[in-house]
Amino acid sequence: MSTGAFVVIGAGRGLGAAAARRFGREGHPVGLVARDAERLGALASELATEGIPTAAETADVTDERALAAVIGALRERLGPIEAVLFSPRPSVAWIRPVLDTEPSDVASALALSVVAAATAVRAVLPDMRGRGRGTLLFTTGGAAVEPHRDRAVSGIAYAAESAYTRMLHDALAPEGVHAAQVTVVGPIGPGARHEPAEVADELWRLHTERDQPLVVLR
């Protein structure tokens, strides 16, 4: 297995950190992208002290130019990107009952979950296709498979992201690039139904075994 870089887009203390540690233990240098520079720097420092080569770049992932630029910067700092995890968290301010949901809420959620995902893919895919290998990983909440009228934008945006991931899988599998999604139904966090480290193990399995386009953890 190659030890190219693993980049987490939307890196945070939960799943993003767990996935970074999981891939880092396997010898992959780690790149982190998030908007909060202070938190991002603290996480990068922790990983580095654990012996994981780490680089961090700050960007609003919904800014297409900024996201493409930081992915390019991480490629320069860490070398070829072998795998990407796209896992930004939506703003709770957008999450309202369907009858109270504004068009702007839907637009914001789609910008984060789908447009930003497409921007990230566009930035890393040429190199992956050129090498004939790579992994594109996505995570969503349970609204992707169990939409609820009280959390409308999550159901809309995650369903669209799921469709995008599946189409990527079907289009890229013959070229050696694996696209896959993990949907987590229920709470995730230390002591919650889903431990971040266990979800990270599932992401690692999808990267190495490359046997499924979708895993639903209930």
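A few points about this structure:
- Highlighted here are the strands (runs of 3 or more DSSP E) found entirely within region 1-62 that include at least 1 residues which are crowded, with 16+ Cβ neighbours inside 10 Å and under 14 Å from the mean Cα position of the chain (by Cα): 5-9, 30-34.
- Criterion violated by Ala159 - all others in (1) closer than 21 Å to Ser91 by Cα; (2) under 18 Å from the mean Cα position of the chain (by Cα); (3) touching a residue at least 40 places away in the same chain (Cβ under 8 Å) satisfied: (3)
- Per-region count, region 194-214, residues β-branched (Val, Ile, Thr) and either in contact with a Ser or Thr (Cβ under 7 Å, 6 or more places away or on another chain) or surrounded by fewer than 16 Cβ atoms within 10 Å (Cβ to Cβ) (or both): 1
- Candidate set: region 4-62, residues that are out of contact with any Asp or Glu (no Cβ under 8 Å at 6 or more places or on another chain) and among the basic types (Lys, Arg); chosen: the one nearest to Phe138 (Cα to Cα): Arg13
- Some residue of region 110-131 being surrounded by fewer than 22 Cβ atoms within 10 Å (Cβ to Cβ) and in contact with a Gly (Cβ under 7 Å, 6 or more places away or on another chain): no
- Strands (runs of 3 or more DSSP E) enclosed by region 126-218 - at least 1 residues per element that are over 30 Å from Asp105 (Cβ atoms): 134-141, 177-184
- Residue in region 183-196 that is at pLDDT 95 or above, over 26 Å from Trp94 (Cα atoms) and under 17 Å from the mean Cα position of the chain (by Cα) present: no
- Any hit, region 1-13, residues being in contact with a Ser or Thr (Cβ under 6 Å, 6 or more places away or on another chain) and free of Cβ contacts under 8 Å to residues at least 40 places away in the same chain: no
- Being of a type in the set (Gly, Ala, Ser) and closer than 18 Å to Leu206 by Cα holds for only one residue in Gly155, Gly130, Gly141, and it is Gly141.
- Residue in region 134-141 that is under 22 Å from Arg218 (Cβ atoms) and either small (Gly, Ala, Ser) or without any contact (Cβ under 8 Å) to a residue 12 or more places away in the chain (or both) present: yes
- Scanning region 170-182 for residues that are surrounded by fewer than 22 Cβ atoms within 10 Å (Cβ to Cβ) and within 15 Å of the chain's Cα centre (by Cα) yields no hits at all.
- Within region 85-105, the set of residues being among the aliphatic types (A, V, I, L, M) and either assigned to a loop (DSSP other than H, G, I, E, B) or surrounded by 14 or more Cβ atoms within 10 Å (Cβ to Cβ) (or both) comprises Leu85, Ile95, Val98.
- Restricting attention to region 63-72 and to residues that are assigned to a helix (DSSP H, G or I) and of a type outside the set (A, V, I, L, M, F, W, C), the residue that is surrounded by the most Cβ atoms within 10 Å (Cβ to Cβ) turns out to be Glu64.
- Subset of region 25-46 (residues that are more than 26 Å from Ser91 (Cβ to Cβ) and touching a strand residue (DSSP E or B) at 6+ places or on another chain (Cβ under 9 Å)): Glu26, His28, Pro29, Ser45
The values are calculated or read from the model by the stated rules, or taken from the named source; none is laboratory data. Bear in mind that the values here come from a model prediction, so they are computed numbers and not experimental data. All Cβ positions, even for glycine, are placed from backbone atoms using ideal geometry, and neighbour counts span all protein chains on display.
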